[in-house]
Amino acid sequence: MLEEVTSLLGLQVYTNYGVFVGIINNIIVDLKKHKADSLYVQETNPALVEDSRSISIPYRWVQNVGDIVLLRHFPEHVELSDEQRRMFEIDEQRFYAEEVPPEQ
């Protein structure tokens, strides 16, 4: 099946049980293999993804693409490890520390 990757942007993603996961914001492409590697999903369901964080879903988990994207597999709940949580907090602190004040 051939599909333009841009046609996937903005599509809603659902588990194989019909539970909303999130909305596709970007597609990561493996340029060496000339195929989609993963879907970058935002506005995720907080019941499935801790703090509704953006996630990357391996394209091999995709079962079907149409008006929505249906996954063949998705974990019951996605959480950050303690180390990932610390790294995210450090990056977030750096980001806010580097913000440029608005011009007056």
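Derivation of every value follows stated rules applied to the coordinates shown; laboratory data play no part. All values reported here derive from a predicted model rather than from experimental measurement. Counting neighbours? That spans all protein chains shown, and the Cβs are built from the backbone with ideal geometry, glycine included.
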Amide H contacts under 5 Å for Ile27, placed H, 5+ residues apart = Tyr40
Per residue of the stretch 9-19, in order, report the coupling 6.51 cos²θ - 1.76 cosθ + 1.60 (Karplus, θ = phi - 60°) as ³J(HN,Hα) in whole Hz, putting x for Gly and Pro.
-> 4, x, 6, 7, 10, 10, 6, 5, 9, x, 8
Could you list His73, His34 in order of exposure, starting from the residue whose Cβ has the fewest other Cβ atoms within 10 Å?
-> His34, His73
In the stretch 1-43, the trypsin sites (Lys or Arg not before Pro) that sit in a DSSP loop and have at most 16 other Cβ atoms within 10 Å of their own Cβ are Lys32, Lys33
Would you please state which residues of the stretch 13-51 a label at His73 would reach in this model, taking the label point 7 Å out along Cα→Cβ and a backbone N cut-off of under 16 Å?
-> 15-17, 37-39
